[in-house]
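Scroll down for the structure; my scribbles are underneath it.
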Amino acid sequence: MNDGIIQTPIQQDWKLVQVADVIVKERLRDYDEDHINRIRRSFRELGGQLQLQPIVLDERMILIDGAHRLEAASREGWEFISALIWTGVTEEDRPILEAEANIVRKDFSPVELERIWKEHYEPATRAKALANRAATQLKGVEVPVTGNTGNRETVAVSKIARETVGRDIDWLNKVTDVRTLAESTTAPVELKAAAERGIEKLSKPGAKVDPVHKELLKLQDAFSKKGQAPTERRAEALEKTLDRQVTESTLLAEKYSGELGSDLVEAAGIVPAGGESVRAIRVALAHALAGAITVECRTYENPASALRPIGQEVVDLLNMLTTKQLGLGA
């Protein structure tokens, strides 16, 4: 069974094709003149119309990958170019294949990575998950709803984002925050302008996302302190913040119950004062847990009255989970 996003069986064949016969449709990104010139220089240095990488076409001679190589060959006056012909590519496959080719070469900017994730990988991932769920149910297996309740679906999507576009979902969501604000028609003018400047920075390969996002958050906070009502975009940003915290907390819990936990046990027995380091980790996590409990209590009308039942729930859950992980359930 094929577990990849590309479900279509694709065959490939290497051959020489005429440059003029290649069809170039709308692409995910524009031409980079500097890159074309570098390829032309490489062609001249290699000589004999040699190329280090073939272009990639489907059986209809439509370009999938290699637009810069094709353009460089055309400008150099080449009549033929080496190509890998893929047979069986669908219109749905094409943008994902082009994206994969660029991701492997690390050519995409943060803005481009976010766009191909939102427009192609994420929908394909969710569609595949739904298909798998439907297939499982047809076999008579009961499939639990996993949404944000158990957070399995959120964690799975985060893992796939990392495996496909090479970035965490948190990183991608930060780019989405900046892009959405830059495209907003209701955001304050200064805030929108700052987001547009951020998008300009993030349109370059290798650009750092965190500084741009943090600067925008500071500006948003400044507007909030001025008494401006939260916009719809602000509500969306806060919802994403909640989702990120759920995901990060779940991943941290999985780490401690998995390989990381085993490594820490081993380290405590080998490293001098390792036990004290493990205790320091527990104390730090206790502080974090106290912060989370405080946040939850403050969501109630009477925080003090909410503390007792929440605290009891935490104690019971800690006892149950720790007993289970130590294998003392019996």
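May I ask you to list the residues in the stretch 273-299 that are under 34 Å from the mean Cα position of the chain (by Cα) and farther than 18 Å from Lys255 by Cα?
His287, Ala290, Gly291, Ala292, Ile293, Thr294, Val295, Glu296, Cys297, Arg298, Thr299 - these are the residues of the stretch 273-299 that are under 34 Å from the mean Cα position of the chain (by Cα) and farther than 18 Å from Lys255 by Cα.
Provide a single number: the residues in the stretch 160-169 that are at pLDDT 80 or above and part of a helix (DSSP H, G or I).
Of the residues in the stretch 160-169, 1 are at pLDDT 80 or above and part of a helix (DSSP H, G or I).
So Ser257 clears everything in (1) surrounded by 14 or more Cβ atoms within 10 Å (Cβ to Cβ); (2) touching a residue at least 12 places away in the same chain (Cβ under 8 Å) except one condition, right? Which one?
The single condition Ser257 does not satisfy is (1).
Quick test for you: out of Leu264, Leu285, pick the one residue that is surrounded by 13 or more Cβ atoms within 10 Å (Cβ to Cβ) and modelled with pLDDT of 85 or more.
Answer to the check: Leu264.
So if I check each of Arg167, Arg179, Arg162, which one is closer than 23 Å to Ala235 by Cβ, under 18 Å from the mean Cα position of the chain (by Cα) and not aromatic (Phe, Trp, Tyr)?
On the way: Arg167 fails: closer than 23 Å to Ala235 by Cβ; Arg162 fails: closer than 23 Å to Ala235 by Cβ.
Just one listed residue meets the conditions, Arg179.
Take Ala306 and tell me if it is over 23 Å from Glu248 (Cα atoms) and of a type in the set (Gly, Ala, Ser).
Yes, satisfied.
What pairs come up if the first residue lies in the stretch 200-218 and is of a type outside the set (Gly, Ala, Ser), the second is outside any helix (DSSP H, G or I), and their beta carbons are under 8 Å apart, counting only those six or more places apart or on different chains?
Between residues of the stretch 200-218 that are of a type outside the set (Gly, Ala, Ser) and residues that are outside any helix (DSSP H, G or I), the close pairs are Lys201/Ala207; Leu202/Ser109; Lys204/Ser109; Pro205/Lys106; Pro205/Asp107; Pro205/Phe108; Pro205/Ser109.
Let's see how each residue does on (1) within 18 Å of the chain's Cα centre (by Cα); (2) modelled with pLDDT under 75; (3) among the aromatic types (Phe, Trp, Tyr); (4) within 25 Å of Glu254 (Cα to Cα):
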| site | (1), (2), (3), (4) |
| --- | --- |
| Ala131 | no, yes, no, no |
| Gln137 | no, yes, no, no |
| Val155 | yes, yes, no, yes |
| Trp171 | yes, no, yes, yes |
| Glu183 | no, no, no, no |
| Leu191 | no, no, no, no |
| Val209 | yes, no, no, no |
| Gln220 | no, no, no, no |
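Condition first: under 21 Å from Arg282 (Cβ atoms), surrounded by 10 or more Cβ atoms within 10 Å (Cβ to Cβ) and not hydrophobic (A, V, I, L, M, F, W, C). Now tell me which residues in the stretch 300-330 satisfy that.
Gly311, Gln312, Glu313, Asp316, Asn319, Thr322, Thr323, Lys324, Gln325
The values are calculated or read from the model by the stated rules, or taken from the named source; none is laboratory data. Computed from a predicted structure; not experimentally measured. Note that we place each Cβ from the backbone using ideal geometry, even for glycine, and neighbour counts take in every protein chain shown.
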